[in-house]
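Peer 1: A single structure is presented below for examination.
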Amino acid sequence: MSFKKIQEQANLEWEQFTRSKPLRVLIGSATCGRAAGSMEVMQAFEDELNKRSLTAQTGVHEVGCLGMCYAEVLVELTGADGRRVLYEGVGPGFVPTLVESHLVEGNPLLDKAMAVMEGEDLEGVAHFSQLPNIQHQVRVVMRNCGVIDPARVNHYIARGGYSGMHRALSMTPDQVVSEMTASGLRGRGGAGFPTGVKWGFARKSPGDVKYVICNADEGDPGAFMDRSVLEGDPHAVLEGLLIAGYAIGASQGYVYCRAEYPLAIERLEEAIEQMREKGFLGERVMDSSFSFDIKIKKGAGAFVCGEETSLMQSIEGKRGMPRSRPPFPAVSGLFGRPTNINNVETLASVSAIMEKGAQWYQGFGTEKSRGTKTFALAGKINRTGLIEVPMGIPLRTIIEDIGGGVPGGKKFKAVQTGGPSGGCVPAQFMDLPVDYEHLAEVGSIMGSGGMIVIDEESCMVDVARYFLTFTENESCGKCVPCRMGTQHLLKTLTDITEGCATPEQIGTMRKVGDSMKKASLCGLGQTAPNPVLTTLRYFEDEYRAHMEDRKCPAGVCRALITFHIDPDTCTGCMACASACPVDAISGEKKKTHHIDQDLCIRCGSCRQACKFNAVVVN
Amino acid sequence: MTAMLTEQQFDRIFSNHSPTRDSLIPILQDVQDTMEYLSPEALEAVARYLNLSENDVYGVATFYAQFRFHPPGRHRLKVCLGTACHVRGSGLILEGVSRRLGVVPGETTEDGSFTLERVACFGSCALAPVVVLDDKVYGRMTTRKTQKIIEDTE
């Protein structure tokens, strides 16, 4: 079948999806949505529609993630008037009211409505594009997330999908490489190397067997961009891989995906099957002379496998340990053949660039950092979720406008970018443009896009120790600077949080960190000291307070704090006493309680249980 | 739970994979999916099929956090210790659960009902802190709520 015919069919299915039935229910059902109960909500809709005999005229569909995880479960309803309204925080119990009011009577519920997606205005409800957290966003990678049913290839095609591959096939591979270079796209996995240049190396490398790999081993704790894209729009990534394969002259592609993402793997498997049916995979892709196939490899839980040479070892069935470069993978990679490896977000951008052209893509971002970047916004922030913004956007816009600031009126202290390889950007850089260069200037990195917001209640030494616990555990042990360096830094940080370190050790930590940066074999060890070095750079006073005064200013490090009950605020409700796991709290009903310091293990359960903020930390 | 798969079970797994080295990890994953852990006998059978030394197979298996070498409990409780979960207090949850079950992460309770595990990140950071019981993800957890799901499961 010609591509034009395929597109016509797809458009028909998309039309049906959007217009064929008078009423429609869309439910966000990626991992986040499911954890918030989207499957129960879906069941409730089906039951209610069944009860009212509305099943025949209502389409109920799962869609991917819109990125607004804080407001899950998100449901979009289309009533008989064709207006699409988005509701937030929908639970199964609320479904009958929604169906009755919106679908049957045609009266959208204004107090629960978050936005109007399409159609006439509603009083007091903003249009989706005008929401404060949406208006600064530009969605390229996430163009279809939450909009299409990810299990249907025709939805993707109807929204412009695979026309990028179709266009690529009308060009020579060299032209495709040039187009990618011209777009200015840089690798979104963290290092930011220009994608077109990387493709060029693998293209020029001699050899008749070459490979392309999609790195979907999103291992940074605090990052979930790749998962959302794979779950919400798997074809965008697979089309990118197909284009990369054509450009460098590979006939086999791999997707290396973490086993912790079962839904993403399921969606990928489904999508690959659909590609085969449409003739986008296998012999003679889209009736051209290009042949290509894709295999999925499940990771087995090793952070270091996000590093390209380790990842290839893992695909080959070995321990995932890095090796020194050169030779670079473009020369000798998987099974000793020229290999090109790109991450999920890069490939989802590739398919968009080939569809719309390099010129279009250059219109976003800054001169050196073109395009858009997704970030996973989490931690102490009101609107947690996934966002996509043009490169160069001020940090303040992300934290305050999009993220809605820090909850509970607490003070913003820093944002951690780039996961265990990155650093902390303190509050004084709120107006920093977020792009590769500026983040590097302040000692952090873009990384894969995790952004964890830290408020005054978090201790920076504890945060650094947290990351070192992670990297020390994940260091593969092959090279000495990383193996010994992470151990040493972790030991010192633990001593500091326990109040048994001396200020001289600050200098030693800097020295060790510096050596690790210079001498480690792979990215893991080279970047592992970053969390320590940046917190030392901006929060040395916090370190010193632990060492000199034996105090943790944020009230986190247990060896240095005590819990007390404020007699003026305590109402004597007994909540803390029943929460205490070691029975250290005594007191009667309606009388002030007391904590026995000898018994207290400082677990913080009482503080969590108290509704009146009567448990204070000294 | 057995220490060994039947010949038919092995045949079924092996028939999906060519006897080449790059099949090693997928085969180990399939074996673990079937018997829930990797017994020494199973590792030996895999080594034989791929014509690798047992030592080599064991070396690869122990490198990856996914593989277990002891049978797990009837339920697996995983506490996420990702960054977002950490700053929102998942350490306290892990500690509370650990105290409640009387095991440290990686161990199984004496009655074989729960295995407690710590996970680096589930990627559901927006719902932090996250706890996963078997395959169900629970978001915005507290020590209390976690105790409750344990009680409900028991």
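Quick note: the coordinates plus some simple rules give every number you see, no bench work behind them. A quick note: this is a predicted structure, and the numbers were derived from the prediction, not measured. Note that we place each Cβ from the backbone using ideal geometry, even for glycine, and neighbour counts take in every protein chain shown.
Peer 1: Gap in Å between the Cα centre of segment A:1-17 and the Cα centre of segment B:34-80?
Peer 2: One Cα centre to the other: 46 Å.
Peer 1: Going Cα to Cα from B:Lys78, which lysines come in below 24 Å? Please leave out same-chain ones fewer than 8 positions away.
Peer 2: A:Lys297, A:Lys298, A:Lys380, B:Lys136, B:Lys145, B:Lys148
Peer 1: Using the alpha-carbon centroid of each, what span in Å lies between segment A:68-125 and segment A:161-234?
Peer 2: Result: 38 Å between the Cα centres.
Peer 1: Using the Karplus curve 6.51 cos²θ - 1.76 cosθ + 1.60 with θ = phi - 60°, work out ³J(HN,Hα) for each residue of segment A:495-503 in order, rounded to whole Hz, and write x for Gly and Pro.
Peer 2: Whole-Hz 3J(HN,Hα) from phi for segment A:495-503: 4, 5, 5, 9, x, 10, 10, 10, x.
Peer 1: Calculate the mean, over all residues of peptide B:76-84, of how many other protein chain Cβ atoms lie within 10 angstrom of the residue's Cβ.
Peer 2: Partner-chain Cβ atoms within 10 Å, mean over residues of B:76-84: 6.
Peer 1: At a Förster radius of 56 Å, what calculated FRET efficiency corresponds to the Cβ-Cβ distance of A:Glu120 and A:Glu457, to the nearest 0.05? Display every interim value, and only then the final one.
Peer 2: Values: r = 44 Å, r/R0 = 0.79.
In this case the efficiency is close to 0.80.
Peer 1: Mind listing the phi-derived Karplus ³J(HN,Hα) values for segment A:135-145, rounded to whole Hz, using 6.51, -1.76 and 1.60 with θ = phi - 60°, and x for any glycine or proline?
Peer 2: 5, 8, 8, 10, 9, 9, 5, 9, 4, 10, 5
Peer 1: Averaged over its residues, how many other protein chain Cβ atoms are within 10 Å of peptide B:85-96's Cβ atoms? It would help to have the intermediate numbers written out before the result.
Peer 2: Details: counts 4, 11, 16, 6, 3, 0, 5, 5, 1, 0, 5, 6.
Mean partner-chain Cβ count within 10 Å for B:85-96: 5.
Peer 1: If you average the alpha carbon positions of segment A:363-428 and of segment A:458-489, how far apart do those two centres end up, in angstrom?
Peer 2: Using only Cα atoms to place each centre, the spacing works out to 25 Å.
Peer 1: Using a 10 Å cut-off on Cβ atoms, rank the peptides B:57-70, A:223-236 from the highest mean neighbour count down. Write down the numbers at each step before the final one.
Peer 2: Working: B:57-70: 18.0, A:223-236: 29.7.
With the highest mean Cβ count within 10 Å placed first, the list reads A:223-236, B:57-70.
Peer 1: Ok, one more. Quote to one decimal, in nm, the extra length available between B:Ser98 and B:Gln8 on full extension: 0.36 nm per residue of separation minus the C-alpha distance between them. The partial results should precede the final answer.
Peer 2: Details: separation 90, 0.36 × 90 = 32.40 nm, distance 3.89 nm.
Gain in length upon complete extension: 28.5 nm.
Peer 1: Average partner chain C-beta neighbours within 10 Å, per residue of A:442-454?
Peer 2: Mean shielding by partner chains, rounded to a whole number: 2.
Peer 1: Distance in nm between label sites at A:Asp583 and B:His17, each 7 Å beyond Cα in the beta-carbon direction?
Peer 2: Between A:Asp583 and B:His17, the label points sit 5.2 nm apart.
Peer 1: To continue, here is another question. Please compute the contact order of segment B:75-153 in relative form: average sequence separation of alpha-carbon pairs under 8 Å and at least six residues apart, divided by the residue count, as a percent.
Peer 2: Taking the mean separation of contacting Cα pairs over the length of segment B:75-153, I get 39 percent.
Peer 1: Cβ under 10 Å from A:Gly160's Cβ, A:Gly160 left aside: what net charge do those residues give with Lys, Arg +1 and Asp, Glu -1?
Peer 2: Result for the neighbourhood of A:Gly160: +2.
Peer 1: Per DSSP H run of at least 4 residues, take -39500 (n - 2.57); add these up for chain A, divide by its residues and hand me the 222 nm value, nearest 500 deg cm²/dmol.
Peer 2: On the way: 23 runs with 223 residues, N = 618.
One gets -10500 deg cm²/dmol as the mean residue ellipticity at 222 nm.
Peer 1: Let me ask another. Relative contact order (percent) for segment A:16-128, with alpha-carbon contacts under 8 angstrom and 6 or more residues of separation?
Peer 2: 27 percent
Peer 1: Still on this structure: Amide H of A:Glu218: which non-local residues (sequence gap of 5 or more, or other chain) have their own amide H closer than 5 Å, using H built in the peptide plane?
Peer 2: For A:Glu218, the qualifying residues are A:Arg258.
Peer 1: Okay, moving on. Quick one: of A:Lys112/A:Lys356; A:Lys491/A:Lys517; A:Lys411/A:Lys591; A:Lys551/A:Lys591, which pairs are farther than 27 Å apart, Cα to Cα? Before the final figure, lay out each step's value.
Peer 2: Values: A:Lys112/A:Lys356 37 Å; A:Lys491/A:Lys517 18 Å; A:Lys411/A:Lys591 33 Å; A:Lys551/A:Lys591 31 Å.
Those over the limit are A:Lys112/A:Lys356; A:Lys411/A:Lys591; A:Lys551/A:Lys591.
Peer 1: Provide the per-residue ³J(HN,Hα) series for segment A:545-554, in order, calculated from phi with Karplus coefficients 6.51, -1.76, 1.60 and θ = phi - 60°, each as a whole number of Hz, with x at glycine and proline positions.
Peer 2: 4, 5, 7, 8, 9, 6, 10, 10, x, 7
Peer 1: Over all directions, the average projected area of the alpha-carbon convex hull for the protein assembly as shown comes to how many nm²? Numbers along the way, then the final one.
Peer 2: On the way: hull surface 137.7 nm².
The Cα convex hull of the protein assembly as shown, projected and averaged over all directions, gives 34.4 nm².
Peer 1: Amide H of A:Ile341 versus every other amide H placed in the peptide plane: which residues, excluding those fewer than 5 positions away on the same chain, fall under 5 Å?
Peer 2: A:Ile213
Peer 1: Loop-only check: which GluC sites (Glu not before Pro) in segment A:263-315 are DSSP coil with at most 11 other Cβ within 10 angstrom?
Peer 2: In loop regions of segment A:263-315 (DSSP not H, G, I, E or B), the sparsely surrounded GluC sites (Glu not before Pro) are A:Glu283.
Peer 1: Moving to a separate point now. So what is the relative contact order of segment A:233-331, in percent, for Cα pairs below 8 Å that sit 6 or more residues apart?
Peer 2: 24 percent
Peer 1: List the residues whose amide H sits under 5 Å from the amide H of A:Gly379, counting only those 5 or more places along or on another chain, with H placed 1.01 Å from N in the peptide plane.
Peer 2: A:Val453
Peer 1: If the chain between A:Val617 and A:Ala427 were fully stretched, how many nm would it gain, using 0.36 nm times the residue separation less the Cα-Cα distance?
Peer 2: That works out to 66.0 nm of additional length.
Peer 1: Ranked from highest to lowest mean number of other Cβ atoms within 10 Å per residue, what is the order of the peptides A:104-111, A:343-350?
Peer 2: The densest-packed peptide leads the list: A:343-350, A:104-111.
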